[in-house]
Amino acid sequence: STMFLVGLSGGIASGKSTVVAVLRELGCAVIDADVIAREVVQPHLKAYRQIVRYFGTEILLENGEINREALGNIIFSCPEKRQLLNSITHPEIQKEMLKQILKYFVLGYRYVILDIPLLFETNRLTKFMKYTVLVYCDPPTQLSRLMKRNGLSQAEAEARMASQLPLDEKRKLASH
């Protein structure tokens, strides 16, 4: 039996989580890149060691875990550092995603949804996907949701949105 890989993306605060919940209820396997991204930077793993080497121990919490907020602030304001972080984490994330894809293939799932917020920015896995789906919402709605959900000022929310490809650009790249 054939297995279809479907890439699912959406901007920050676009409604993607709601779509994922519906797909799960319909019996699709869902691989969440954000969850994997948090797992691969757990203390003593390869990516963790590299991040601490390049970004220093000041990005660590007292319990030794990475302070995601501190690291986020560094990379949002500096594209070179964001690229460096991505070059450390993306290969590890992709390896783990491939392991999970294999697991769902063996378990006989027909549809595997790859929930990847930065699907079109990272681009490496899109060639293996039967479909790429973008959850779209207009920028003003996205902005107000983001401010509400994350308690951000308008300027902070706009900066977060600016760090991602605009949804209108992603829209041209998606098959659905």
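Just one of the listed residues (44, 90) is farther than 27 Å from residue 148 by Cα, at pLDDT below 95 and touching a helix residue (DSSP H, G or I) at 6+ places or on another chain (Cβ under 7 Å), namely 90.
For every residue, the table says whether it meets (1) in contact with a strand residue (DSSP E or B) (Cβ under 7 Å, 6 or more places away or on another chain); (2) on the phi < 0 side of the Ramachandran plot; (3) in a helix (DSSP H, G or I).
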{"residue": "9", "(1), (2), (3)": "yes, yes, no"}
{"residue": "17", "(1), (2), (3)": "no, yes, yes"}
{"residue": "23", "(1), (2), (3)": "yes, yes, yes"}
{"residue": "31", "(1), (2), (3)": "yes, yes, no"}
{"residue": "37", "(1), (2), (3)": "no, yes, yes"}
{"residue": "41", "(1), (2), (3)": "yes, yes, no"}
{"residue": "50", "(1), (2), (3)": "no, yes, yes"}
{"residue": "70", "(1), (2), (3)": "no, yes, yes"}
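Given the structure, is residue 62 over 20 Å from residue 9 (Cα atoms), modelled with pLDDT of 95 or more and among the charged types (D, E, K, R)? Considered against the rule, which asks whether it is over 20 Å from residue 9 (Cα atoms), modelled with pLDDT of 95 or more and among the charged types (D, E, K, R), residue 62 comes out as yes.
Of all residue pairs spaced 6 or more apart or on separate chains, those with beta-carbon atoms under 6 Å, a first member in the stretch 159-175 that is closer than 12 Å to residue 117 by Cα and a second member that is at pLDDT below 75 and not basic (Lys, Arg) are 165/120; 165/121; 170/120. Identify, please: which residue in the stretch 127-176 is among the polar types (S, T, N, Q) and in contact with a helix residue (DSSP H, G or I) (Cβ under 8 Å, 6 or more places away or on another chain) and is, among those, nearest to residue 8 (Cα to Cα)? Among those residues, the one meeting the criterion is 132. Between 101, 93, which is within 19 Å of residue 4 (Cα to Cα) and outside any loop (DSSP other than H, G, I, E, B)? Every option except 101 fails the conditions. Out of all the residues in the stretch 104-127, which are modelled with pLDDT of 90 or more and part of a loop (DSSP other than H, G, I, E, B)? Selection gives 107, 108, 109, 110.
Taking the criterion of being part of a loop (DSSP other than H, G, I, E, B) and in contact with a Gly (Cβ under 9 Å, 6 or more places away or on another chain), the residues of the stretch 131-174 that qualify are 136, 137, 164, 165, 166, 174.
Among the conditions (1) among the small types (Gly, Ala, Ser); (2) surrounded by fewer than 17 Cβ atoms within 10 Å (Cβ to Cβ); (3) over 22 Å from residue 156 (Cα atoms), the only one that residue 33 does not satisfy is (2). Checked against the criterion of being surrounded by fewer than 19 Cβ atoms within 10 Å (Cβ to Cβ), within 15 Å of the chain's Cα centre (by Cα) and within 27 Å of residue 169 (Cα to Cα), the stretch 64-72 has at least one qualifying residue.
The values are calculated or read from the model by the stated rules, or taken from the named source; none is laboratory data. Being a predicted model, the structure only gives us computed values, none of them experimental. So basically every Cβ, Gly included, is an ideal-geometry build from the backbone, and we count neighbours across all protein chains shown.
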